[in-house]
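The values are calculated or read from the model by the stated rules, or taken from the named source; none is laboratory data. These numbers come from a predicted model, not from an experiment. Cβ coordinates were reconstructed from backbone atoms using ideal geometry, including for glycine residues, and neighbour counts include every protein chain displayed.
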Amino acid sequence: MNLAESPSPAPSSSSGSDDFAALLDSELELASAADSASPGDPFASPTSDDEDEEELEEEEDVEVETLEQNGFCTMNLTAATASKCSTKRCRVEEQHQDLATSVRPDKDTTGSSKNVEVCPHPGYFGGLCFRCGKPQAEEDVSGVAFGYIHKGLRLGTSEIDRLRGADLKNLLHERKLVLILDLDHTLINSTKLHDISPAENELGIQTIASKDDPNRSIFTLESMQMLTKLRPFVNKFLKEASNMFEMYIYTMGDKAYAIEIAKLLDPGNVYFSSKVISNSDCTQRHQKGLDVVLGAESVAVILDDTEYVWQKHKENLILMERYHYFASSCRQFGFGFRSLSESMQDERESDGALATILDVLKRIHTIFFDSAVETNVSSRDVRQVIKTVRKEVLQGCKLVFSRIFPNNTRPQNQMIWKMAEQMGAVCCVDVDSTVTHVVAVDPGTEKARWAVDNKKFLVHLRWIEAANFRWCRQPEEDFPVSPPKEKSKDHQKETSKDKENAVAGQKKDKGKENAVATTTGPTDS
């Protein structure tokens with residue numbers, strides 16, 4: 001039997017993918033056998049109450065063993081099967097109650113009380129405990145809902161921990177980790193049809209998306225009136241990453257949208273199965289969390305273009321350079337230049353963002369499963385591996401910043417300073433002979449001139465940002481510090497009205513904090 005909600009994809013054959021389905025399968029098979037062996041059935045053999053009880057206990061043993069061996073992953077359940085499962089659960093509960101009354105009274109002949117086992121209610125399915133069949137009471141609402149697996153499924157904390165432990169054993173046995181993938185600006189870029197720019201219309205971008213070309217990368221989502229562009233290299237990325245990771249999609253988009261994009265990325269349904277998490281599955285508003293992922297945090301790697309939504313899991317995060325293909329995406333983030341679509345350009349597959357990150361993931365995977373490491377693989381933590389790989393990026397570099405930070409602020413508290421240190425650089429305030437790089441935006445500063453005179457690297461701020469996204473030290477000559485462009489006389493003249501508006505705006509914004517932080521990459525600087 002398959003457990004799944006249409007239109008969720010069917011379960012895959014990856015690590016632990018069938019364990020909960022196998023549990024319910026075994027129950028229903030035993031239920032069918034019990035039904036056929038009714039009193040009126042000439043082939044049925046009579047059984048005593050003790051034998052019935054033994055069969056129920058053996059049945060529970062089989063269920064627990066199945067879960068421990070296979071772990072927990074995804075499933076599909078039709079409405080008819082759900083009803084059948086509920087009926088079975090109610091019958092199991094009734095049989096337990098009958099046995100408790102007729103065979104095991106609360107007190108024996110001496111008057112002493114016997115211990116009666118109480119179901120811990122490890123989780124609920126369709127409002128019923130999937131162990132004893134008891135309806136979910138108001139006091140039993142704790143735990144986490146896993147609606148992306150099936151609507152109505154809720155698991156308790158202890159059961160989640162147990163299932164994650166079983167899944168972890170299977171993953172490590174297969175030498176795999178967990179990979180959480182964002183969609184928008186990470187693997188794809190989408191736009192509403194009514195947001196298509198005049199230049200994109202002139203280039204016939206909708207016509208390109210509607211062509212029946214198996215090699216096309218632009219698609220029309222008719223039901224949503226949208227166009228979606230796959231990021232270059234995404235197909236090869238998913239294929240190679242699937243050999244090292246059990247993969248999830250995790251988006252802040254709606255469920256219907258997430259499922260449609262999953263079909264584009266995984267038409268054969270071999271990568272994600274029903275592991276597609278959307279905004280309705282989040283347990284905290286405007287935040288993503290690993291609490292709805294049935295994978296241990298110690299083996300989870302996250303790819304996302306937005307750091308803010310992962311406040312509790314920054315150490316698991318690899319920040320992606322945003323993919324802006326459509327003009328509407330550029331406008332959304334305040335860019336005034338032509339989009340990739342309008343320029344008829346795109347990222348290169350060979351050394352684009354996904355190809356770069358795939359190399360990083362391969363290195364993380366290799367270090368994590370390094371047989372030369374003395375510690376047991378089950379006690380290793382991928383977050384420490386990510387830190388190790390990251391510190392190699394600017395190792396050996398000593399940086400001084402020139403007029404980068406606002407006055408009256410501690411440089412050590414600034415984002416770009418911390419970013420450089422996370423990549424292994426040493427940051428300092430004053431120049432000396434050991435300094436290797438001066439970071440500036442103006443070549444006329446005293447420290448910038450010192451760098452030139454002493455044959456040190458003088459690099460633009462974007463040099464650090466590029467290294468942050470590319471995960472390797474970038475050629476310094478590609479990031480020169482150019483003199484600031486002179487403003488025209490028209491721009492230098494500011495009317496008194498403009499000044500008044502500027503002052504009024506400053507007063508209005510004074511004391512306010514940024515409502516939502518996004519990524520810290522060059523596109524947001």
How many residues, within the stretch 426-481, are within 16 Å of residue 396 (Cβ to Cβ), among the basic types (Lys, Arg) and within 32 Å of the chain's Cα centre (by Cα)? 1
Being touching a strand residue (DSSP E or B) at 6+ places or on another chain (Cβ under 6 Å), hydroxyl-bearing (Ser, Thr, Tyr) and assigned to a loop (DSSP other than H, G, I, E, B), is that true of even one residue in the stretch 406-413? no
Quick one: is residue 499 more than 28 Å from the chain's Cα centre (by Cα), in a helix (DSSP H, G or I) and modelled with pLDDT under 95? yes
Helices (runs of 4 or more DSSP H) wholly inside the stretch 142-230 that include at least 2 residues being buried (at least 20 other Cβ atoms within 10 Å of the Cβ): 157-173
Look at the stretch 365-388 and say how many of its residues are of a type in the set (A, V, I, L, M) and surrounded by fewer than 18 Cβ atoms within 10 Å (Cβ to Cβ). 4
So if I check each of 360, 385, 393, which one is assigned to a loop (DSSP other than H, G, I, E, B), under 25 Å from residue 181 (Cβ atoms) and under 27 Å from the mean Cα position of the chain (by Cα)? 393
As an exercise: evaluate residue 349 against (1) in a helix (DSSP H, G or I); (2) in contact with a helix residue (DSSP H, G or I) (Cβ under 9 Å, 6 or more places away or on another chain); (3) charged (D, E, K, R) and give the number of the one condition it does not meet. (1)
